[in-house]
1. Mind checking the dipole of the range 15-108: about its Cα centre, +1 per Lys or Arg Cβ, -1 per Asp or Glu Cβ, Debye to the nearest 20?
2. I need two numbers for the range 34-93: Rg to one decimal and Dmax as a whole number, Cα atoms only, in Å.
3. Please turn the phi angles of the range 42-47 into ³J(HN,Hα) values with the Karplus equation 6.51 cos²θ - 1.76 cosθ + 1.60 (θ = phi - 60°), one per residue in order, whole Hz, x for glycine and proline.
4. Between Trp110 and Glu89, what's the calculated FRET efficiency when r is the beta-carbon distance and R0 is 25 Å? Round to 0.05.
5. What translational diffusion coefficient, to the nearest whole µm²/s, does the chain have by Stokes-Einstein, given a Kirkwood radius computed over alpha-carbon pairs, a temperature of 10 °C and 1.306 mPa s viscosity?
6. Using just the helices of the chain, give the 222 nm mean residue ellipticity in deg cm²/dmol: DSSP H runs with n ≥ 4 each add -39,500 (n - 2.57), and the total is spread over all residues, rounded to 500.
7. Please list 3J(HN,Hα) in residue order for the range 18-23, calculated via the Karplus relation 6.51 cos²θ - 1.76 cosθ + 1.60 where θ = phi - 60°; whole Hz, with x for glycine and proline.
8. For the Cα atoms of the chain, what angle does the longest principal axis make with the long axis of helix 3-17, in degrees from 0 to 90, nearest 10?
Amino acid sequence: MSRRKDVLREIAAAINANGAYHITEWFTDGFRLHEPGGTPRPVGHLGASQMMDEFRTLAPPVNLAILDMIEEGDRIAVRWHLTAIYDGEPLSMVSIAIYRFEGSRIAEDWGIPLRGEWP
């Protein structure tokens, strides 16, 4: 098992538990989010924090599950399934994301929803 995969598992666990986010441990100073049609984010820890804070808008039970995870070189592809309550309505979203790592921290994130969408 790789440290990089562990980072993604830690992120999911923190989201599910509404726990602490370890932005500086999980993301590089130059982190970039590439999200077609999404809200542009600042580069770095501020952008990573803004991205992660969107999960705080969800009501329990929040469950971000890793369905598949494949590692090749400095990249990991993940198929995610998110379920939660948003604005009193059930939310179910499946997405695929590819993460590029520098060492054990995420440097870039390309995410595409497959089914459902963030309201």
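A short reminder: the numbers here are calculations on the coordinates, not readings from a lab. Computed from a predicted model, the values in this text were never measured in an experiment. Glycine gets a Cβ as well: all are built from the backbone with ideal geometry, and neighbour counts include every protein chain shown.
1. 40 debye
2. Cα radius of gyration and Dmax of the range 34-93 are 13.6, 41 Å respectively.
3. Those phi angles translate into x, 6, x, 5, 5, x Hz.
4. Efficiency, from the Cβ-Cβ distance: 0.35.
5. Roughly 110 µm²/s, to the nearest whole number.
6. One gets -6500 deg cm²/dmol as the mean residue ellipticity at 222 nm.
7. 6, x, 6, 9, 9, 4
8. Helix 3-17 sits roughly 20 degrees off the main axis of the chain.
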